[in-house]
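Accompanying notes for the structure given below.
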Amino acid sequence: MSEPRPAEDTGRPSAPGLDEDPAAPPPLLDRSSGRFWSPRRIPADVVALLLLAGAGVLLYDVVAVRAHRPAMHWRRALARQLAERPLDDVWVLTGAGLAAALGLWLIVLAVTPGLRGLLPMRRPHPDVRAGLRREAAALVLRDRALEVSGVREARVRMRRRRARVRALAHFRDLDEVRADLDTVLGEAVSGLGLSRPPALSVAVRRPGRKG
């Protein structure tokens, strides 16, 4: 019965991952990153201060009435107006409309993330989140567009779902310039590392013409 042969020592490390190039960047995970939520401190502070002031004044008036003192003039006038005015009065409808608009605005602020100018990027790690401002992304696309031969001027309008590029070509065929822009800008959009790359809309024209 033969004994098992010992493993040969090849002189190479057996730990996993040591054979990879340490200088190579880690691959971006195909992980969706949602939009960043805005703290909205100003609307929250304004609403909180208004509610605090109104509650304080109302509480003071209620305590004064309990202490056998007359209620404030504004509360008596408001109660009289609410009792006498019909529901289809212009001022009643206006106040109700303003209150409904304010409530709807607060609901929209509560359920929407905000920070529309910050584009979420793909996440290299589950605990890492990064974002890119739309102005910076538009600047990168504009610089890449100006590198295309024949492009004299370029304007980029960056949105969350679409990037509109308008270029002026002073020589070369417009179709060729547009094809080069589609290729270069497509690579540039992929290189931004956004979690949801925007769709490209490229238009090329000659100087002095509108279109």
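The values are calculated or read from the model by the stated rules, or taken from the named source; none is laboratory data. Bear in mind that the values here come from a model prediction, so they are computed numbers and not experimental data. In this analysis, Cβ positions are derived from the backbone assuming ideal geometry, glycine residues included, and neighbour counts consider all displayed protein chains.
So D88 passes all but one of these: (1) touching a Lys or Arg at 6+ places or on another chain (Cβ under 9 Å); (2) in a loop (DSSP other than H, G, I, E, B); (3) in the same structural domain as A48 (by TED's automatic domain parsing). Which condition number does it fail?
(1)
From the residues in segment 160-211 that are hydrophobic (A, V, I, L, M, F, W, C) and under 17 Å from R122 (Cα atoms), which one is farthest from the chain's Cα centre (by Cα)? It would help to see each step written out before you state the result.
Taking segment 160-211 as the starting set, the residues that turn out to be hydrophobic (A, V, I, L, M, F, W, C) are 163, 165, 167-169, 171, 174, 177, 179, 181, 184-185, 188-189, 192, 194, 199-200, 202-204.
Cutting the leftovers down to under 17 Å from R122 (Cα atoms) gives us 188-189, 192, 194, 199.
Numbers: A188: 20, V189: 17, L192: 16, L194: 12, A199: 16 Å.
That would be A188.
I'd like the full set of residues that are in a helix (DSSP H, G or I), hydroxyl-bearing (S, T, Y) and under 20 Å from L118 (Cβ atoms), limited to segment 152-202.
First, the residues of segment 152-202 that are in a helix (DSSP H, G or I): 174-191.
Right, trim to hydroxyl-bearing (S, T, Y) and you get 183, 190.
Hit for segment 152-202 is S190, nothing else.
Quick one: R123 ticks every box in (1) modelled with pLDDT of 85 or more; (2) surrounded by 14 or more Cβ atoms within 10 Å (Cβ to Cβ); (3) not in a helix (DSSP H, G or I) bar one, so which box is it?
(1)
Evaluate the following for V65: is it in contact (Cβ under 8 Å) with a residue 12 or more places away in the chain and β-branched (V, I, T)?
Values: in contact (Cβ under 8 Å) with a residue 12 or more places away in the chain: no; β-branched (V, I, T): yes.
Answer is no for this residue.
Can you name the number of the only condition in (1) over 24 Å from the mean Cα position of the chain (by Cα); (2) at negative phi that G117 fails?
Just one mismatch for G117, condition (1).
Of everything in segment 132-151 that's within 23 Å of the chain's Cα centre (by Cα) and not in a helix (DSSP H, G or I), which residue is surrounded by the fewest Cβ atoms within 10 Å (Cβ to Cβ)?
Only one residue fits best here, namely R133.
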